[in-house]
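K.L.:
This is the structure I have questions about; it appears just below.
Each reported figure results from applying straightforward, stated rules to the coordinates on display, with no laboratory input. Bear in mind the structure is a predicted one, so any value in this text is a computation, not a measurement. Methodologically, a virtual Cβ is constructed for each residue, glycine included, from the backbone with ideal geometry; neighbour enumeration extends over all protein chains shown.
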Amino acid sequence: MVKHIFSRIKHYLSVYQGIVITNFIESMNFRLHFFLLILMDLLFYISALASIHIIYNHVETIGVWNREQLLFFVAFMLGINQLTMTFVSEAYWRFPELIRTGDLDFILLKPIGAVFSVFFRYLRPGSMLNMIFTWGVIIYYGLILNLSVFDWCALPFLLVLGFLLQNAIEMVISCSMFWMLEGSGVNFVRMELQQLARWPDFIYNKIVSRILMTILPILLIGSAPIRFLFNANDWLPFLGMGLAILLFWGVLRFVWQLGLASYESASS
Amino acid sequence: MKPFLLKWFQTMQVSWSNLMVYKLNFFLQIIGPMLVFFFIKLSLWSSIYGGYDYVKIGGYTLSEMLSYHLWVMIAGMIIMSSTASNLSEDIRLGKISSYLIYPFSFWEFHAAKYLARQVIQIIIALITIISCYFLLDRLYIAFEPVSLAIGFFVALLAGYYWFAANYLIGILAFWLDETWTIMVGLQIMTYFFSGAIIPLELFPETMVEILYWTPFPYISFVPAKILMGHIPPLLPVIGILSFWSLFITLISYLVWRKGLSLYTAAGM
């Protein structure tokens with residue numbers, strides 16, 4: 001059993017290695033696009049951080065957090081955004097086209113998991129370089145907040161957990177494209193959910209906050225790990241985050257099968 | 001109807017049909033993001049003010065701030081209707097060849113599409129204003145016909161600028177494989193510098209003085225303030241907006257001419 005799991009992981013890693021190489025070669029052929037992608041992401045990161053700075057020039061606190069705490073939270077969310085932009089973002093935009101044109105057929109025929117092949121097939125090497133910026137900002141505000149050694153060690157894992165939860169939710173939502181004639185609008189729903197998650201839970205009123213922490217737990221992506229980092233006694237949302245990750249990856253398997261059952265395979 | 005106008009009207013009719021076929025997609029792409037963006041700002045500013053209406057930040061009370069953001073949303077509905085997202089694909093895939101033969105130019109076709117969308121978005125903006133007027137009482141919507149008329153006029157002018165800027169970016173596809181990164185970059189800068197997130201009164205003074213010479217404040221801040229009843233001297237507003245609109249249109253014309261000389265009509 002264990003041997004089987006390891007051999008599958010090895011197989012997927014070797015496939016992903018091929019994907020990485022192909023994407024790097026492709027991006028080097030379109031160098032201007034490569035640089036524009038970096039610039040676009042940087043503009044977004046800088047405008048997000050500058051907005052917080054400008055607001056804090058006029059107020060002492062927002063909710064219960066001071067300037068550095070909120071900026072650390074935003075930097076953490078930008079870190080998750082950078083991972084998403086690098087590893088999966090492109091695939092979400094190509095997915096409706098795969099369904100509409102029937103090109104999904106060719107992916108389903110491959111001897112590898114279709115979800116993996118659909119969502120992890122495109123890598124944006126340009127966005128990968130922006131890791132320097134996002135991690136730079138995370139470290140800068142982490143140092144101001146005097147994070148402990150445990151916090152620093154936990155930080156990369158928390159970032160990956162946030163990435164996993166965000167994308168499990170987004171992949172489930174993307175599956176709704178199977179039932180739509182033109183599914184590109186669903187990508188805007190995804191982006192709006194990202195916008196909502198980019199702010200801490202306490203800015204929303206109690207009902208909205210509760211819904212976005214439980215039924216559609218997008219606020220757990222950032223608020224749960226950061227609250228846990230700031231106060232280890234505040235572990236309940238973090239536990240909820242772990243459960244939500246398991247739940248949504250499970251739901252994804254189910255919804256994906258359901259979607260495939262109604263997929264009409266336009267090219268066949 | 002004169003044949004010249006008929007061409008415009010028929011293109012607009014085709015655009016309306018296209019939009020109506022994918023109604024949900026249209027809602028998710030255009031209206032949904034605006035509503036979510038407004039909801040986030042409503043939550044954020046309510047949290048910043050702590051729910052107290054007597055506190056003033058940048059000269060705004062909470063209800064004035066919420067009113068400002070409501071008008072920003074309405075102005076956005078009128079101004080940011082053009083996306084020109086298909087434009088670069090038309091050029092890259094050689095689809096513009098047909099426009100070179102038709103008695104209706106590429107610019108006219110896209111301008112007619114923009115007008116069609118504009119009509120729908122104006123209707124949506126009007127419905128939003130009427131709904132808010134009755135649902136939210138006069139707290140957020142001060143219904144002043146003169147301000148409304150001038151605000152709509154400035155918004156329509158800014159809308160043309162937005163179309164011209166998007167068109168210019170779209171036709172850069174003569175040289176670039178992808179132009180969406182530049183479009184998104186422009187959107188990010190516009191959201192930040194236009195006062196769509198934070199009113200310009202909260203920005204550093206020197207920065208605002210410079211910004212007034214750029215088209216950004218006229219996309220959110222100025223129309224929203226006019227719609228709120230604060231009418232600035234109109235000559236500079238119309239002058240600067242007209243200058244940028246004409247300047248971008250002229251550049252587009254030159255870029256189009258240069259681009260056509262390089263055009264290889266792929267797929268012909």
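K.L.:
Using 10 Å bins from zero, what percent of all Cα-Cα pairs in the range B:2-262 falls into each bin?
P.N.:
In whole percents, the pair-distance histogram is 7, 28, 34, 21, 8, 2, 0.
K.L.:
Which value in nm describes the separation of the simple spin-label points at A:H11 and A:L247, placed 7 Å from the Cα toward the beta carbon?
P.N.:
Simple spin-label model gives 3.2 nm for this pair.
K.L.:
Per residue of B:36-48, what is the mean number of Cβ atoms on other protein chains within 10 angstrom of that residue's Cβ?
P.N.:
5
K.L.:
Which residue fluctuates most in the GNM of chain B (Cα springs below 10 Å): B:G151, B:G239, B:G170?
P.N.:
B:G239
K.L.:
Kindly rank B:155-165, B:115-125 from highest to lowest mean number of other beta carbons found within 10 Å of each residue.
P.N.:
B:155-165, B:115-125
K.L.:
Once Rh is set to the Kirkwood radius over Cα pairs, what Stokes-Einstein translational diffusion coefficient, in µm²/s, holds for the range A:187-229 at a temperature of 37 °C and a viscosity of 0.692 mPa s?
P.N.:
In µm²/s, the coefficient rounds to 317.
K.L.:
If you don't mind, there's one more thing I want to ask. Against the globular-protein guess of 2.2 N^0.38 Å, express the Cα radius of gyration of chain A as a ratio, rounded to two decimals.
P.N.:
Normalised Rg, Cα atoms only: 1.06.
K.L.:
Would you tell me the mean number of C-beta atoms belonging to other protein chains that fall within 10 Å of each C-beta in B:197-203, as a whole number?
P.N.:
Partner Cβ neighbours, averaged per residue: 3.
K.L.:
Kindly provide the helix-only [θ] at 222 nm of the protein assembly as shown, computed as the sum of -39,500 (n - 2.57) over DSSP H runs of four or more divided by all residues, to the nearest 500 deg cm²/dmol?
P.N.:
Mean residue ellipticity, 222 nm, calculated: -23500 deg cm²/dmol.
K.L.:
From other protein chains only, count the Cβ atoms within 10 Å of every residue's Cβ in B:102-111, then give the mean.
P.N.:
Mean partner-chain Cβ count within 10 Å for B:102-111: 0.
K.L.:
Between B:P204, B:P217, B:P145, which gets the highest mean-square fluctuation from a Gaussian network model of chain B, Cα cutoff 10 Å?
P.N.:
Result for chain B, Cα springs under 10 Å: B:P204 fluctuates most.
K.L.:
Something else: Return one quarter of the surface area of the convex hull spanned by the alpha-carbon atoms of the protein assembly as shown, equal to its mean projected area, in nm².
P.N.:
28.0
K.L.:
What ranking, highest mean first, results for peptides B:23-33, A:65-75 when packing means the other Cβ atoms within 10 Å averaged over each residue?
P.N.:
Highest to lowest by the protection proxy: A:65-75, B:23-33.
K.L.:
Return the single residue from A:N167, A:N233, A:N130 with maximal mean-square fluctuation; model: Gaussian network over chain A, springs between Cα atoms under 10 Å.
P.N.:
A:N233
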